[in-house]
Amino acid sequence: MAALRRVSVHLGRVCRCSNRIIVSRRNLSEQTSSDESDKKESTERSTHFGFESINESEKTGKVHEVFSNVASKYDVMNDAMSLGVHRLWKDRFMQVLDPLPGTRLLDVAGGTGDIAFRFINWVKEKEQQQRKATPGAEFRLNPLETDEPASTPEFPSAEDYLNTEQRADTSDTDGKKDSKVIVCDINQSMLEVGKERAKKLELEDDVVWVTGNAEELPFPDNSVDAYTIAFGIRNVTHIEKALCEAYRVLTPGGRFLCLEFSQVSNPLISSVYDLYSFQVIPVLGELIASDWKSYQYLVESIRKFPNQEEFAEMIREAGFRMVSYDNLTSGVAAIHSGFKI
Amino acid sequence: MEFSLWSSPPAPPNAEEWTPPLYPEHVPTSFLQKALLTVGSAAVAITDPYRHDMIAVLGETTGYYALMRIRDQMKADPVGQQILSERPRINTRTIDLEELRALPEGTFGKEYVNWLDRNDVTPDSRAPVKFIDDEELAYVIQRYREIHDLFHTLLDMPTNMLGECTVKMFEAVHTGLPMCALGAVFGPLRLSSKQRWKLRNYYFPWAVRAGYSTKTLMNVYFEKRFHEPLEDLKADLKIPPPPHIPSSTIVNSNHSRLYRS
């Protein structure tokens, strides 16, 4: 492994996850990214928590605390802060994903279920369209829906990788039904809010809720067709690890899709956005959720996240190809896409 | 120092270095943020009276100048100075409620715990100060918040909306805090017309008189006076007894219009 890396210095960087050599457009004599990851694992490094500097080992706990505090008001705050625009972003996200019926989706950091519910509605809508498009389908002995259970024997049962706390909760969704979407989140409070919402929307049978860390997913290799993460990846301590895990669990041909806040390049829009972010959002947090600090963390963590190009490069380094991104609302948010091919 | 609408003391919002706050829980805010908080907290407080933290925030964002005046009053008084230097706190860790319960009936301490039990409140429910950009003034407003329940005991007012409005009017006159004035003016909007009639004719005039006549309560070291008989303490502090509303004047809301001046 080390020999391969030394040789690759002249050609480009070695992809951490697939050991492919990526020829970077930048200076080819840069240190390999794998050397950097060795350094990180050996000593306690500091990282950022918003603008604050803390030890890496503390970040996961602090982020967990933030989301336990905001869980009950999370959706109300999203609407208030973005004036409802986050719904449009997530609708667009699902349009870009455009999943077909039979897709197995893993939604990481999916907490309260926004993406999962949109996925279910999209797929159900698609199924209806397919049924209408092929008349007489409902009279066939094997209508289209039964094509999907063919994929479920390979689909791992939820109980194989659930944490012990989860087993009691998901005993009624143990894979006998078509569990096409798994929502994985590190924070149990967010998942609880999601489960409540699923009940209200009468979608509780279609979603499996799993507690897990994006850096160490409790799923086997090559087990999902699509991996989505919406507004979650900037909270992960080691983004590269999360990207590698994404690569690992996707089947070949699978798609990685990420919706995240990004950098606004237009200086006029950027100054208005900064003013709004720093002056108004923490105030809204205090008024609606009695929690200034969590929302201060939110706006600071957005500034600390890499910009569109840098993040795209990180996705490439994890092994994904055909990496592209689309800006939403002038760069306030961006959808990054990559394929495991 | 340049005045900017949106820079926060002591550090601008986009600073890379973390500036330590002036006191634990301090959140530096800009003028614009304070203005937004004022309007927002007032709106939330009036629509959801259970959000006591909003009233606290309103007090902090609007109270800076009144607090400076109170601090000057405290510095001009020997007991006030003692309070400022010792910084006593009132919560279940600093006040031994069991000891107060053991005091004889009629003493200030005993009446205080009786009042706490009657109204089902505890001295621990006060939110910490966040938006005051001066460490000493943060203590002053914290002290005001913590002795608010003692005001209730001295004025013999319960924690229902009627009692709170009365105490707020008293505090508005006595301390000069704008939040108290806002509470006294807008709080009654949530009351029935019969209660507003009582406020208008009995409680508010009494609260205003009491607010002016009472000796500055921020300069009273209450923790050292729990053993005193309540009536003697009230006489010493010049607090007039609460108004007695004769039962013949208590009318239903239809007739109350006749009695409005």
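Values quoted throughout were computed directly from the atomic coordinates according to the rules given, and no laboratory measurement underlies them. Since this is a predicted model, take the numbers as computed values, not measurements. When we count neighbours, we look across all protein chains shown, and the Cβ atoms used for this are built from the backbone with ideal geometry, even at glycine.
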Ignore the peptide's own chain and count Cβ atoms of other chains within 10 Å of each Cβ in B:28-38; give me the average, rounded. 3
Taking Cα centroids, how far is region B:206-235 from region A:180-206 in Å? 56 Å
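Seen from all sides and averaged, what is the projected area of the convex hull of the Cα atoms in region A:218-277, in nm²?
Projected over every direction and averaged, the Cα hull of region A:218-277 covers 5.3 nm².
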May I ask for the angle, rounded to the nearest 10°, between helix B:204-213 and the longest principal axis of chain B, with both axes built from Cα atoms and the value confined to 0 to 90°? 70 degrees
Give me the net charge of A:TYR325's neighbourhood, meaning all other residues with Cβ under 12 Å from the Cβ of A:TYR325; Lys, Arg count +1, Asp, Glu -1. -4
Can you tell me, using C-alpha contacts under 8 Å and at least 6 residues apart, the relative contact order of region B:33-120 as a whole percent? 14 percent
When Rg is the radius of gyration of the Cα atoms in region B:7-159 and Rh is its Kirkwood radius, what does Rg/Rh come to? 1.02
Work out how far the C-alpha atoms of region B:33-100 reach from end to end along every principal axis, then list the three figures in whole Å, largest first. 38, 34, 16
Can you tell me the mean projection area, over all orientations, of the convex hull of region A:44-87's alpha carbons? Units nm², please. 3.8 nm²
Kirkwood Rh in Å, taken over all unlike Cα pairs in region B:116-255: 16.2 Å
So the angle from the long Cα axis of helix B:161-175 to the longest Cα principal axis of chain B, reported in degrees to the nearest 10, equals 60 degrees
Per-bin percent of Cα-Cα distances, chain B [5 Å]: 1, 6, 11, 15, 18, 16, 13, 9, 5, 3, 2, 1, 0, 0
With Cβ to Cβ distances under 12 Å as the rule, what net charge do the other residues near A:ASN69 carry (K, R +1; D, E -1)? +1
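Using the Cβ atoms and a cut-off under 9 Å, what net charge is assigned to the surroundings of A:VAL108, where Lys and Arg are +1 and Asp and Glu are -1? Before the final figure, lay out each step's value.
On the way: positive: none; negative: A:ASP107, A:ASP185, A:GLU245.
Once positives and negatives cancel, what remains is -3.
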Principal-axis tilt of helix B:64-75 within chain B, Cα atoms, nearest 10 degrees: 70 degrees
